[in-house]
Amino acid sequence: MPDITEIEKIPPQNLEAEMSLLGGILIDKDAMLKVADIVDGDDFYKDAHRHIFEAIAELYAKNEPIDLLTLSNRLEEKNLMDTIGGRSYLATLTNTVPTASNVMQYAEIIHRKATRRRLLAASQEISRLSFQEEDSDVEQILDEAQKHLFGVSQVYLKQNFAPIRGV
């Protein structure tokens, strides 16, 4: 029987929050305004959700309406409709969430989980670097480790700045 530490763990994620965020954006035309600065496509754990969000973001950037019809059309143009689960999956997203009033909280959950996944990836890379004794000196390894951690913190912190006037 394998040791409990040897069993692979599922990376931090919350698929329900991802589905609720996407559904909220589809039922409330102003929801994307609230979450555009909090979450981006790379924050989504499930690839289908990432594709859907990126298509929504493209519609948003072009000031086009965001609804089932325009989103379906955009995903078909990108040949992603089968990849995301078809029109029925998009309809499921809108039925998953009763209201869009909590989209900011869903976006925060998604962003925090993505940050944790990025931290795990950075720590794995730092661990890999640390075991390469013959290739690099300690200063170089420390520099690389700092770059990896700084990259994670930059992605996280960019979301948390507020204009000084508002504070």
Once each part is reduced to its C-alpha centroid, what is the distance from the range 62-127 to the range 18-54 in angstrom?
4 Å
Out of the range 16-99, which trypsin sites (Lys or Arg not before Pro) are coil in DSSP terms and have no more than 10 other C-beta atoms within 10 Å?
K62
With a cut-off of at most 10 other beta carbons within 10 Å, and DSSP calling the residue loop, which GluC sites (Glu not before Pro) in the range 110-151 qualify? Please list them.
E133, E134
What does the charge count around K46 come to, taking other residues whose C-beta lies under 14 Å from its C-beta (Lys +1, Arg +1, Asp -1, Glu -1)?
-3
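Give me L22, L80 ranked fewest to most by other Cβ atoms within 10 Å of their Cβ, as a rough exposure proxy.
If I rank by nearby Cβ atoms, fewest first, I get L80, L22.
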Cα-Cα longer than 21 Å, checked against K34/K62; K46/K113; K78/K113; K9/K113; K29/K62, kept in input order, equals K78/K113
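Specify the longest stretch of the chain that does not include any exposed loop site, a site being one of the chymotrypsin sites (Phe, Trp or Tyr not before Pro) with a non-H, G, I, E, B DSSP assignment and at most 13 other Cβ atoms within 10 Å.
Longest run free of exposed loop sites: 1-130.
Coordinate-derived values only; no laboratory data. Everything quoted here is computed from the prediction, not taken from an experiment. We place every Cβ from the backbone using ideal geometry, glycine too, and count neighbours over all the protein chains shown.
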